[in-house]
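What follows is one structure encoded as structure tokens, with my remarks underneath.
The values are calculated or read from the model by the stated rules, or taken from the named source; none is laboratory data. From a predicted model like this one, the values you see are computed outputs, not experimental measurements. Methodologically, a virtual Cβ is constructed for each residue, glycine included, from the backbone with ideal geometry; neighbour enumeration extends over all protein chains shown. For accessibility, only protein heavy atoms count, side chains too; no ligands or nucleic acids. Shrake-Rupley method; radii C 1.70, N 1.55, O 1.52, S 1.80 Å.
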Amino acid sequence: MTDIEFLKYPIGRFQKPERISQAHLDGAATYIQNFPKYLNDTLASFSEIQLNTPYRIGGWTVKQLIHHIADSHMNALIRFKLALTEDNPSIKPYLEAEWAKLNDYTLPIAGSLSMIQAMHEKWAKILKLMNSEDFQKTYYHPEYQKNIPLAEVTLMYEWHSKHHLAHIQHLMLRENWK
């Protein structure tokens, strides 16, 4: 992995297991439940200057990253609920890089952290009560032109959470922030 690739994907790109086991899903549900705490603990001592620092050259600031996580996970939770209540619904893709340019991404992160906390609480509750048939339910992603099962989505968002947390933590290490 090149240095640039590592800065973009500090934990590597998402790799779907050949077979998604119940242990994978249980681990992902637990991580999704605990992610807000990991994020809050990591950001506890951040200053406004640190929040406005890009996590890599050409990347979003930490503040933008937090707002992105809230928006991304909000969309994921809605897609999840659609798939659980409808037959293979088509979801609406969005231009996340364009969303990051909107002025709400300059707001303090407290609102987005509260959203992440609330969404992950709801999402974890849903995940913990799902059965194997629920995890096989799908939504159709028009951008990728494929049906995506909720089991895969669950693992993708566990990865997404770890991926962005690693962006912040690696920035802290590179900058020697305590």
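Largest GNM mean-square fluctuation among TYR94, TYR157, TYR139, using the chain with Cα springs under 10 Å: TYR94. Modelled this way, with points 7 Å down the Cα-to-C-beta line, the labels at LEU129 and GLN169 are 3.1 nm from one another. Shown is the FRET efficiency for ILE49 and GLU143, computed with R0 = 35 Å from the Cβ-Cβ distance and rounded to the nearest 0.05: 0.45. Specify the angular offset, from 0 to 90 degrees and rounded to the nearest 10, of the alpha carbon long axis of helix 150-175 from the longest principal axis of the alpha carbons in the chain. Roughly 10 degrees, rounded to the nearest 10. Between segment 26-61 and segment 131-169, what is the C-alpha centre distance in whole Å? If you average the Cα positions of each part, the centres end up 19 Å apart. A Stokes-Einstein calculation at 25 °C with viscosity 0.890 mPa s, built on the Kirkwood radius of segment 24-90 over Cα pairs, returns a diffusion coefficient of 174 µm²/s. Calculated accessible area for the chain comes out at 56 Å² per residue, all protein chains present (probe 1.4 Å; ligands, DNA, RNA ignored). Of the accessible area of the chain, computed with a 1.4 Å probe over protein heavy atoms only, carbon and sulfur atoms account for 55 percent. Taking a ≥ b ≥ c as the square roots of the eigenvalues of the alpha-carbon gyration tensor, the chain is classed prolate because a/c is 1.5 or more and a/b outweighs b/c.
Summing Cβ point charges (Lys, Arg +1; Asp, Glu -1) relative to the Cα centre of the chain gives a dipole of roughly 160 debye.
Above 13 Å, the calculated P(r) of segment 89-130 contains 70 percent of its Cα-Cα pairs. Listed values for segment 82-92 are Karplus-derived 3J(HN,Hα) couplings in whole Hz (6.51 cos²θ - 1.76 cosθ + 1.60, θ = phi - 60°), namely 4, 5, 6, 10, 10, 8, 6, x, 7, 9, 9, and x replaces Gly and Pro. When the C-alpha to C-alpha distance is required to be over 18 Å, the pairs from LYS37/LYS125; LYS37/LYS92; LYS101/LYS162; LYS8/LYS146 that qualify are LYS37/LYS92; LYS101/LYS162; LYS8/LYS146.
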